[in-house]
Amino acid sequence: MLPPVYLLIAVLLMAGLNYFTPLHTILAAPITYLGIGLIILGFLIVIWPAASFGRVGTPIKPFEESTYLVTNGMYRVTRNPMYLGMVVVLLGVAVLFGTASPFLLVPIFGWIIQTKFVKFEEALLEETFGDEYIEYKSRVRRWL
């Protein structure tokens, strides 16, 4: 499964938790509407770096060997902007629901992405780009 599938599953689980076991309402309208802005921001954070991959012609799918090390744009701030954008989307969904239980899935999603994708991708990038990637890692944080 690719990361967007995990994102979709997390959103569906958040909806289920919100509906069946909301635990406690922690945010109410109109504050919950801020979640819409976070969702839009999250998708923009995903799309902008994805477009960078398209411009340089390197694969965007995890587990495919990169042909170019993208270090500009969002990649100057975080080594994983697309995954960060997905986390922002999930935060937006949780805020929009306004109950406590959907927030539980945000760190779980982050952990899944970290263990299933980020660690493997970083090892592959280090193998492919060597010192150039090691130097990049030394100056840019993994998430923020």
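All of the numbers you see were taken from the coordinates with simple rules; none came from a lab. Being a predicted model, the structure only gives us computed values, none of them experimental. When we count neighbours, we look across all protein chains shown, and the Cβ atoms used for this are built from the backbone with ideal geometry, even at glycine.
Things to note:
- Cβ charges +1 (Lys, Arg) and -1 (Asp, Glu), total dipole of the chain, debye: 360 debye
- Residues in the stretch 121-133 carry Karplus couplings, in order, of 4, 5, 5, 5, 5, 5, 5, 6, 10, x, 4, 4, 6 Hz; the curve used is 6.51 cos²θ - 1.76 cosθ + 1.60 with θ = phi - 60°, and Gly or Pro positions show x.
- Radius, Kirkwood style, for the chain when every pair of distinct Cα atoms is counted (Å): 16.1 Å
- Between 0 and 90°, nearest 10: helix 81-97 axis offset from the chain longest Cα axis: 0 degrees
- The stretch 3-139: relative contact order as a whole-number percent, Cα under 8 Å and 6+ apart: 38 percent
- Across the stretch 61-70, computed HN-Hα scalar couplings (Karplus, 6.51 cos²θ - 1.76 cosθ + 1.60, θ = phi - 60°) run 5, x, 6, 9, 5, 6, 9, 8, 8, 7 Hz from first to last residue, x flagging Gly and Pro.
- Take the Cα of Trp111, step 7 Å toward its Cβ, do the same at Glu127, and the gap between the two points is 2.7 nm.
- Top positive-direction residue, dipole computed over the chain with Cβ charges, set Tyr75, Tyr136, Ile108: Ile108
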